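One structure below.
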Amino acid sequence: MRKCKGYHHAVWLGCLGMLLAGMLGCSGGNEGEVSAPETSGTQAQKTITLTYAIFFPPTHIQCKTAESWASEVEKRTDGRVKIQIFPGDSLAKAPQVYDAVVNGICDIGMSCFAYTRGRFPLLEGLDLPLGYPDGLTATRVATAMVKKYNPAETADTHVLYVHAHGPGLLASKKAVKTLSDVKGMKIRATGLSSKIVEDLGATPVGMSQPETYEALQKGVVDATLCPIETLKGWRQGEVINYVINTTAIGYTTSMFVTMNKDKWASLPEDIQTILTQVSEEWVDEHGRAWDMADEEGWTFVEELKKETITLAEDESQKWVDAVQPILDEFVVGAKAKNLPGEELLTDIQAMIAQSTNEE
């Protein structure tokens, strides 16, 4: 019996020794041995995936520019941030993109302020016929104004930056050299551009871009008010005869790139800094992309031997005077809402003038 007890005692001591040796071996104290995982560092490097809804189709230059922005963010964060892009209304329809960002359906969204008329009463001033000379200027102006005024209407998201297309011009089947030539014309226009057409003395006809080619071809409309890039992008240059350079009243359409506020707040500070820096750099990238698209539009109509008509300086002033009521109406409406509409327009016009003088 004593022998049996001694045997069991020896086994117990042996097991205890093995247990202690195992515990010491797992401590990671010896060089070259695998240590236990460190949770803090691993979790800090966890990949953050952000969804990005874009209304442009994947082939559009602005979607490609957004993709390059996303790639740069991933590069500078060493892969800690990955951005999954959903182009062409695949995650949210263009008019619903802003709300989709607010409600967390997507983390980031790109669309037009103008698609939800009345929701952005101050920023509607960005799209007025103020004589934008090019897309780069329009983009710089739009981003600067949103940054300066930081309007309450965008406070429910975190705006990264804004971009805007080049000046809307008149592409026509008929020659237009004076304001009186516009009288009685039927011109394709939507939203704000409809007001411009009305103030010029013509009749606005609302329709989508896909419908415009056939409408011009069949004479349903005599002209279209559009940025020059659409004449190539939608091939409308094939069914017009003249491009009237109406840059003096060039309007634009401003487009937000904004982020869900809670998602933004949840990001580490260094990632917020990188997103801000890359976004600041991509303002000019988008502006130049718009100008590149416009250049391609001009080249397209020139290859088709379409005529460009440049208005005389005194004639251009008549067009400017004709659309002035649109600006006045905006200022009055903004004032009624206690918004700095007049100050906004003054700042925009000053930036446009400065840009024009620098050229």
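Observations on the model:
- Test: residue in segment 213-234 that is in contact (Cβ under 8 Å) with a residue 60 or more places away in the chain, over 27 Å from GLU124 (Cβ atoms) and crowded, with 20+ Cβ neighbours inside 10 Å: yes
- Of the residues in segment 109-122, at least one is open to solvent by less than 40 Å² (accessible area, probe 1.4 Å), of a type in the set (Ser, Thr, Tyr) and free of Cβ contacts under 8 Å to residues at least 60 places away in the same chain.
- The residues in segment 154-178 that are within 28 Å of VAL320 (Cβ to Cβ) and open to solvent by less than 40 Å² (accessible area, probe 1.4 Å) can be counted, and the count is 12.
- Where a residue in segment 324-353 is open to solvent by 90 Å² or more (accessible area, probe 1.4 Å) and its partner, wherever it lies, is part of a helix (DSSP H, G or I), with Cβ under 7 Å and at least six apart: LYS335/GLY341; GLU342/VAL331
- Flag if GLY166 is part of a loop (DSSP other than H, G, I, E, B), out of contact with any Cys (no Cβ under 9 Å at 6 or more places or on another chain) and closer than 30 Å to SER279 by Cα: yes
- Scanning segment 311-320 for residues that are farther than 13 Å from GLY250 by Cα, touching a residue at least 24 places away in the same chain (Cβ under 8 Å) and open to solvent by 40 Å² or more (accessible area, probe 1.4 Å) yields one hit, LYS318.
- Filter result for THR299 (surrounded by 22 or more Cβ atoms within 10 Å (Cβ to Cβ) and either in contact with a helix residue (DSSP H, G or I) (Cβ under 8 Å, 6 or more places away or on another chain) or part of a helix (DSSP H, G or I) (or both)): no
- Every condition in (1) outside any helix (DSSP H, G or I); (2) open to solvent by 80 Å² or more (accessible area, probe 1.4 Å) holds for THR308 except the one numbered (2).
- Any pair with Cβ under 9 angstrom, 6 or more apart, that starts in segment 151-175 at a residue that is hydroxyl-bearing (Ser, Thr, Tyr) and ends at one that is in a strand (DSSP E or B) and surrounded by fewer than 17 Cβ atoms within 10 Å (Cβ to Cβ): SER172/ILE309
- Close pairs from segment 266-279: first farther than 16 Å from ALA66 by Cβ, partner in a helix (DSSP H, G or I), Cβ under 8 Å, at least 6 apart: LEU267/LEU275; PRO268/ALA44; GLN272/TRP264; ILE274/VAL73; ILE274/ARG76; GLN277/ARG76
- In the set (1) in contact with a strand residue (DSSP E or B) (Cβ under 6 Å, 6 or more places away or on another chain); (2) over 29 Å from ALA144 (Cβ atoms), GLY237 fails one condition alone, (1).
- The residues of segment 123-140 that are open to solvent by 10 Å² or more (accessible area, probe 1.4 Å), of a type in the set (A, V, I, L, M, F, W, C) and more than 16 Å from TRP290 (Cα to Cα) amount to a single one, LEU130.
- Qualifying residue in segment 255-269 (condition: modelled with pLDDT of 95 or more, part of a helix (DSSP H, G or I) and β-branched (Val, Ile, Thr)): no
- Among (1) in a helix (DSSP H, G or I); (2) surrounded by fewer than 18 Cβ atoms within 10 Å (Cβ to Cβ); (3) at pLDDT 95 or above; (4) hydroxyl-bearing (Ser, Thr, Tyr), the one test that TYR7 misses: (3)
- Counting only strands (runs of 3 or more DSSP E) wholly contained in segment 178-249, the ones carrying 3 or more residues that are closer than 20 Å to ALA293 by Cα occupy 223-227, 242-245.
The values are calculated or read from the model by the stated rules, or taken from the named source; none is laboratory data. Source: prediction; values computed, not measured. Positions of Cβ are backbone-derived with ideal geometry, glycine not excepted, and every protein chain shown enters the neighbour counts. All accessible areas refer to the heavy atoms of the entire protein, side chains included, with ligands and DNA or RNA removed. Shrake-Rupley method; radii C 1.70, N 1.55, O 1.52, S 1.80 Å.
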